[in-house]
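Reviewing the structure listed below.
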């Protein structure tokens, strides 16, 4: 594995802070506030909208679409499908977060259907979720938590990309994160275990990935930058906190205040 240059993250982060891309989220009710604040701290503009009557207008002014299936119901599924249709027409990137895929038939089948409908699809999931999408899971997920490590899902992710031309990138989260495209892959080792103790951390990564994908066609590099950014901010925030509560505050502050020196001194990721 070869160490990759880290300068691109600082440049991309500055472009987000300057441009403030509008990130349209149809997300779960548990993390709406957390996700919106994470996007604001990053420099993006969050928009949470799922009413079918306004989706065409909302998508028309948005720079990307983020779909999170954490609290599914029939009405929300219809809104997600409609939003994807409009995002496809605009050629916007669509980030799918298949929360809890593998835990129930509804979640797994809905995630697969939404992915199949999305033209420029970026998937962000843990090991169990990614394996369930590729029908390789030997055991179901533990609710929204993974029973598989990220490296165990590498083959599943590669198969999904090779079999579906619309899937541009897959992010596998875990102790080590992986970013995979049809021709490239990388591993990312920033972060801290306390991040798993705060609801919404993975969901915020999906939304922030949307922000990074909003102003570029290089979805692989944008996904790398998003994973590096969130992992590094989580690691640095832990150094300033005493537990999950204070970590949450420190995390938002770190998203907002991250510097080029902190990136150069602490970022760790490798090209596979």
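The values are calculated or read from the model by the stated rules, or taken from the named source; none is laboratory data. All of these numbers come straight from a predicted model, not from anything done at the bench. Cβ coordinates were reconstructed from backbone atoms using ideal geometry, including for glycine residues, and neighbour counts include every protein chain displayed.
Some observations on this one:
- Candidates 99, 66, filtered to the one that is assigned to a loop (DSSP other than H, G, I, E, B), on the phi < 0 side of the Ramachandran plot and crowded, with 21+ Cβ neighbours inside 10 Å: 99
For every residue, the table says whether it meets (1) more than 25 Å from residue 56 (Cβ to Cβ); (2) modelled with pLDDT under 95; (3) in a loop (DSSP other than H, G, I, E, B); (4) in contact with a strand residue (DSSP E or B) (Cβ under 8 Å, 6 or more places away or on another chain).
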position	(1), (2), (3), (4)
122	no, no, no, yes
131	yes, yes, no, no
136	yes, yes, yes, no
140	yes, yes, yes, no
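- Conditions (1) assigned to a loop (DSSP other than H, G, I, E, B); (2) closer than 16 Å to residue 103 by Cα; (3) modelled with pLDDT of 75 or more: number failed by residue 148: (3)
- Within segment 171-272, strands (runs of 3 or more DSSP E) holding 2 or more residues that are touching a residue at least 40 places away in the same chain (Cβ under 8 Å) and crowded, with 16+ Cβ neighbours inside 10 Å: 177-180, 185-188
- In this structure, residue 84 does satisfy being surrounded by 24 or more Cβ atoms within 10 Å (Cβ to Cβ), more than 14 Å from the chain's Cα centre (by Cα) and modelled with pLDDT of 95 or more.
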